[in-house]
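Trainee: Sharing a structure with you now.
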Amino acid sequence: MNIDIIGAGIGGLSLAVALEQKGFKVKLYEQAEELRPVGAGIILANNAMQVYEKLGLREVIEGSGNHISSMNITKADLSPISAIDLSHFENKYGVKNIAIHRGALQQILVDSLENTEIKLNHRLQKLEKNQNGYALTFQNKPVIQSSVIIGADGIHSKVREQIFPNNSIRDAKQVCWRGVTDFHLPAQYRHELNEAWGKEDRFGFVEIAEGKVYWYALKSFNTSPDEHPVQHIEKYFEKYHPVIQSIISATDIKKIYTATMSDLKPTNEWFADGLCLIGDAAHAMTPNMGQGACQSIEDAYVLSECLNNYELNEAFQNFHKLRSPKAHQIVKTSWTLGKVAHVANPMLIGLRNQMMKWTPNALSRLQSEKIFKINKV
Ligand SMILES: Cc1cc2nc3c(=O)[nH]c(=O)nc-3n(C[C@H](O)[C@H](O)[C@H](O)COP(=O)(O)OP(=O)(O)OC[C@H]3O[C@@H](n4cnc5c(N)ncnc54)[C@H](O)[C@@H]3O)c2cc1C
């Protein structure tokens with residue numbers, strides 16, 4: 001079976017690796033002229049690393065990233081609110097949680113493809129159903145006929161827009177800055193993700209390699225993200241812990257990546273005849289649980305297994321049945337968590353922090369268990 005994947009992000013590349021290993025013939029179509037890495041890091045949680053273990057990539061990813069043993073929510077001064085100890089899950093599943101540069105992960109995925117052609121500079125513009133499948137029109141390119149299409153083209157998916165035009169993207173009204181900088185964290189923070197919550201803003205940081213720190217920061221806005229220009233970022237976080245202030249001032253402002261946060265309202269329109277969506281194209285989520293890419297990696301594994309085990313359209317149906325409950329749950333929880341994190345009222349902030357402190361460890365573990373457990377196909 002020939003499979004055409006639109007989009008060579010983490011989801012599309014991971015799917016190509018999984019399908020190629022099962023003997024499918026795959027082509028990837030990517031709009032970018034080159035696969036440039038975004039200047040940011042990513043946390044590959046236990047669920048994603050279980051998939052990469054199955055794909056034989058665990059060791060190389062571990063070797064290029066940094067092992068994270070705890071994920072902490074703190075106050076702006078880095079005093080603890082809550083923490084998830086990840087060692088329980090490391091022991092249970094035999095894989096670690098890894099923080100890594102996105103560029104390093106992308107290179108590992110590209111390097112592990114042997115027969116898959118990546119067609120760069122291919123921006124999909126139109127997709128039309130015909131007797132033999134789909135006619136794909138790319139910008140400035142001849143039309144290509146395809147019998148099986150996977151839309152892995154992100155939150156603003158052209159594939160989804162053409163086949164399922166009634167889906168809605170929700171604006172979270174939060175602006176996000178991301179950066180990677182040369183910085184030596186104090187030893188106590190080297191194997192932790194710390195996310196500090198203030199008043200309508202927060203700041204997360206993690207080491208991704210020796211002397212390299214990835215950080216992200218978010219701030220609520222009312223009408224436009226332009227209310228908070230990046231030039232004043234040091235001011236927004238001046239009440240935060242000195243380590244956070246030092247990380248910001250160690251970053252070249254020209255290399256800070258700005259985006260606004262949004263998600264896709266949960267939808268069950270994931271597949272049609274000979275066509276299926278994965279990753280952000282199917283279930284884009286706000287990044288508050290650090291699960292968007294992990295979920296697209298789970299999709300890649302489950303869809304490759306389904307395509308291996310079932311006839312084409314039955315595979316898509318089973319894929320949706322297996323993956324949508326968990327993906328939608330995370331979309332919803334991430335959305336709520338983003339609101340809780342950005343509470344403005346000082347009394348509510350105190351109450352929220354106290355309630356999070358009181359949440360029993362067993363409950364946090366149960367919630368994490370639901371996220372880290374991957375589907376059996
Ligand atoms: C601030 C922030 C922090 C995050 N942190 C984490 C984290 O720590 N852990 C985690 O798991 N997730 C995280 N995420 C989420 C994660 O980045 C996304 O969920 C993930 O990248 C989705 O992968 P994808 O392959 O589905 O889509 P994308 O990464 O969006 O890839 C889509 C690809 O399709 C291409 N494309 C788009 N349109 C077309 C077209 N018309 N024709 C051809 N190609 C096209 C794009 O160029 C791109 O290469 C974070 C997100 C944000 C915003």
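Trainee: Cβ-Cβ distance below 7 Å, separation of 6 or more or different chains: which pairs start in the range 153-167 with a residue that is touching a residue at least 12 places away in the same chain (Cβ under 8 Å) and end on one that is in a helix (DSSP H, G or I) and within 9 Å of the ligand (Cβ to nearest atom)?
Mentor: ASP153/VAL159; ASP153/ALA281; GLY154/ASP280; GLY154/ALA281; ILE155/ASP280; SER157/ALA281; VAL159/ALA281; ARG160/ALA281
Trainee: I'd like to check something: does the range 269-280 contain any residue that is closer than 19 Å to ILE81 by Cβ, within 15 Å of the ligand (Cβ to nearest atom) and in contact with a Ser or Thr (Cβ under 8 Å, 6 or more places away or on another chain)? Step through it out loud before you land on a result.
Mentor: Applying the first criterion (closer than 19 Å to ILE81 by Cβ) to the range 269-280 yields none.
Checked the range 269-280: no residue is closer than 19 Å to ILE81 by Cβ, within 15 Å of the ligand (Cβ to nearest atom) and in contact with a Ser or Thr (Cβ under 8 Å, 6 or more places away or on another chain).
Trainee: Another question about this same structure. Checking the condition under 14 Å from the mean Cα position of the chain (by Cα) and within 8 Å of the ligand (Cβ to nearest atom), which residue from ILE10, ILE6 passes? I'd like the intermediate steps shown before the answer.
Mentor: Numbers: ILE6 fails: under 14 Å from the mean Cα position of the chain (by Cα).
The unique qualifying residue is ILE10.
Trainee: Quick one: which helices (runs of 4 or more DSSP H) lie wholly within the range 289-371 and hold at least 2 residues that are touching a Leu at 6+ places or on another chain (Cβ under 6 Å) and either within 16 Å of the ligand (Cβ to nearest atom) or closer than 30 Å to ASP273 by Cα (or both)?
Mentor: On the way: elements: 292-309, 312-341, 346-358.
Per the criteria, 292-309, 312-341.
Trainee: Checking TYR216 against (1) of a type in the set (Ser, Thr, Tyr); (2) in contact with a helix residue (DSSP H, G or I) (Cβ under 6 Å, 6 or more places away or on another chain); (3) under 27 Å from ALA344 (Cβ atoms), which test does it fail?
Mentor: Here TYR216 meets the rest and fails (2).
Trainee: Residues that are at pLDDT 95 or above, within 30 Å of GLY7 (Cβ to Cβ) and away from the ligand (no atom under 16 Å from the Cβ): does the range 235-252 have at least one?
Mentor: From the range 235-252, those at pLDDT 95 or above are 235-252; that's our starting set.
From the residues that got through so far, the ones that are within 30 Å of GLY7 (Cβ to Cβ) too are 251-252.
With the extra rule that they be away from the ligand (no atom under 16 Å from the Cβ), the set shrinks to 252.
Yes, the conditions are met somewhere in the range 235-252.
Trainee: Something else now. Between a first residue in the range 116-131 that is on the phi < 0 side of the Ramachandran plot and near the ligand (Cβ under 10 Å from one of its atoms) and a second residue that is outside any strand (DSSP E or B) and of a type in the set (Asp, Glu), which pairs have beta carbons less than 9 Å apart while being 6 or more apart in sequence or on different chains?
Mentor: Filtered contacts from the range 116-131: LYS119/GLU30; LEU120/GLU30; LEU120/GLU33; LEU120/GLU34; HIS122/GLU30; ARG123/GLU30; LEU124/ASP153.
Trainee: Given the residues SER79, SER112, which is the only one that is away from the ligand (no atom under 13 Å from the Cβ), surrounded by fewer than 23 Cβ atoms within 10 Å (Cβ to Cβ) and over 29 Å from LYS141 (Cβ atoms)?
Mentor: SER79
The values are calculated or read from the model by the stated rules, or taken from the named source; none is laboratory data. Being a predicted model, the structure only gives us computed values, none of them experimental. Neighbour counts run over all protein chains shown; Cβ positions are idealised from the backbone, glycine included.
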